[in-house]
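Chemist: Sharing a structure with you now.
The values are calculated or read from the model by the stated rules, or taken from the named source; none is laboratory data. All figures in this text were calculated on a predicted structure; none of them were measured in a lab. Cβ placement follows ideal geometry from the backbone for every residue including glycine, while neighbour counts extend to all protein chains displayed.
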Amino acid sequence: MRTVELPGGEAIPVLGLGTWRMGEQAQLFNLEVAAVRHAIDRGIRLIDTAEMYGDGGAEEVVGEAMRDSGHHCRDDLFIVSKVYPHNATYEGVIKACESSLQRLDTNRIDLYLLHWRGSVPFSETLDAFEALRASGKIRHFGVSNFDAADLAEWCSGSGGEASAANQILYNLSRRGVEWDVLPACRDRGIPVMAYSPLEQGRLQGAPVLSQLAERHGVSPLQIALSWVLAQPGVIAIPKAVSPTHMDENMAALEIALSAEDLVLLDAAFPPPDGPSHLEML
Ligand code: NAP
């Protein structure tokens, strides 16, 4: 799979799997574990989760899927998790990370993110991230839902320059971040993780996507995903429980949008012509 480089040079895949809404209902646990295993079997190596999702339930789904995951070992996978802003004090981060590690049934998180900006001073969170990194409990850290100003402030704090990613809402219908957040990340060599790359399915009905889907013999949402995947330095983490959706998302890696396709997409979903507030879901 195509990769994107973290600031330290480590290559991570451009397509991962999201897990929001997993782990919320006990009766769906086995189905969701099977879905994550299917993704791993199909070659997905990056899995995004958070202590928030299903109140820890999504991390348990991922933990169970990693256990006995055929011939794949933990080292093959790149696990991303996130700490709540209200747990972002020094002690809070350390404790939250320990709990996440337990639910994930692993000894390390590959990338640990501050889920969004809260009221805890960045220096405290950064100190905790550094301590976790020094002890090997996390390999990289970063942020989520940070606008350009937040990112500048975070990166100027002691240790902040080591940040490895900014996970933000980015898809065809949410292009405001192209004005300043994406350039700010690119300037710092920090990959962007595009969350809700399918706008949670709401992009389905866009006529231009149907038109291009027909041209390429794929589905409208595969076109939407291929557009995100075509953006330099961007990783997409669509969530799918349906194996068909997952296979379609993998196949979207093969779609080559032409210059003409991109013009049509820009006309239907124009890039920003000025700054805007960072959107979040
Ligand atoms: P999304 O990935 O844009 O959309 C997920 C929805 O699309 C699910 O209902 C899924 O259905 C469906 N779907 C997936 N592939 C499809 C396909 N090929 N064709 C048709 N439908 C398809 O939305 P998201 O879950 O909000 O975002 C993705 C991940 O980003 C999350 O799961 C989470 O890990 C992360 N996230 C992070 C934040 C943050 O604040 N950092 C916020 C939101 C999301 P099925 O599940 O039924 O297959």
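Chemist: Looking at ASP105, ASP127, ASP110, ASP147, which one is out of contact with any Phe, Trp or Tyr (no Cβ under 9 Å at 6 or more places or on another chain), in contact (Cβ under 8 Å) with a residue 12 or more places away in the chain, of a type in the set (D, E, K, R) and more than 14 Å from the ligand (Cβ to nearest atom)?
Modeler: Checking each option against the conditions leaves just ASP105.
Chemist: Pick out the one residue from ALA50, ALA39 that is modelled with pLDDT of 95 or more, in a helix (DSSP H, G or I) and closer than 27 Å to ALA230 by Cβ.
Modeler: ALA39
Residue by residue, here is whether (1) touching a Phe, Trp or Tyr at 6+ places or on another chain (Cβ under 8 Å); (2) under 15 Å from LEU104 (Cα atoms); (3) of a type outside the set (A, V, I, L, M, F, W, C) holds:
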{"position": "PRO7", "(1), (2), (3)": "no, no, yes"}
{"position": "GLY23", "(1), (2), (3)": "yes, yes, yes"}
{"position": "LEU28", "(1), (2), (3)": "no, no, no"}
{"position": "GLU32", "(1), (2), (3)": "no, yes, yes"}
{"position": "ALA39", "(1), (2), (3)": "no, no, no"}
{"position": "ARG42", "(1), (2), (3)": "no, no, yes"}
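Chemist: From the set of residues in region 144-168 that are more than 19 Å from THR89 (Cβ to Cβ) and surrounded by fewer than 17 Cβ atoms within 10 Å (Cβ to Cβ), which is nearest to the chain's Cα centre (by Cα)?
Modeler: Among those that are more than 19 Å from THR89 (Cβ to Cβ) and surrounded by fewer than 17 Cβ atoms within 10 Å (Cβ to Cβ), it is ALA162.
Chemist: Mind listing whichever residues of region 127-143 are under 23 Å from TYR195 (Cα atoms) and either surrounded by fewer than 23 Cβ atoms within 10 Å (Cβ to Cβ) or of a type in the set (Phe, Trp, Tyr) (or both)?
Modeler: Of everything in region 127-143, those that are under 23 Å from TYR195 (Cα atoms) and either surrounded by fewer than 23 Cβ atoms within 10 Å (Cβ to Cβ) or of a type in the set (Phe, Trp, Tyr) (or both) turn out to be PHE129, ARG139, HIS140, PHE141.
Chemist: Name the residue, out of ARG42, ARG74, that is closer than 22 Å to ILE235 by Cβ, among the basic types (Lys, Arg) and within 15 Å of the ligand (Cβ to nearest atom).
Modeler: ARG42
Chemist: If we scan region 265-275, do we find a residue that is within 16 Å of the ligand (Cβ to nearest atom) and of a type in the set (Asp, Glu)?
Modeler: No, every residue in region 265-275 fails to be within 16 Å of the ligand (Cβ to nearest atom) and of a type in the set (Asp, Glu).
Chemist: Same structure, new question: Quick one: is LEU281 within 8 Å of the ligand (Cβ to nearest atom), closer than 30 Å to ALA128 by Cβ, surrounded by fewer than 19 Cβ atoms within 10 Å (Cβ to Cβ) and within 17 Å of the chain's Cα centre (by Cα)?
Modeler: yes
Residue-wise test of (1) crowded, with 22+ Cβ neighbours inside 10 Å; (2) of a type in the set (A, V, I, L, M); (3) within 29 Å of ARG186 (Cα to Cα).
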{"residue": "ILE12", "(1), (2), (3)": "yes, yes, yes"}
{"residue": "TRP20", "(1), (2), (3)": "no, no, yes"}
{"residue": "GLY23", "(1), (2), (3)": "yes, no, no"}
{"residue": "ALA34", "(1), (2), (3)": "no, yes, no"}
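Chemist: Please work out which one of (1) within 16 Å of the ligand (Cβ to nearest atom); (2) among the acidic types (Asp, Glu); (3) more than 14 Å from the chain's Cα centre (by Cα) is the condition GLU98 fails and give its number.
Modeler: (1)
Chemist: Just need a number here: residues in region 9-21 that are in a strand (DSSP E or B) and either at pLDDT below 95 or touching a Phe, Trp or Tyr at 6+ places or on another chain (Cβ under 9 Å) (or both).
Modeler: So the count comes out to 3.
Chemist: A further question on this structure: Out of the residues in region 216-260 meeting the condition of being among the charged types (D, E, K, R) and under 20 Å from ARG202 (Cα atoms), tell me which one is farthest from the ligand (Cβ to nearest atom).
Modeler: ASP247
Chemist: OK, next. Answer yes or no as to whether ARG117 is of a type in the set (Lys, Arg), modelled with pLDDT of 95 or more, within 14 Å of the ligand (Cβ to nearest atom) and within 19 Å of ALA50 (Cα to Cα).
Modeler: Yes.
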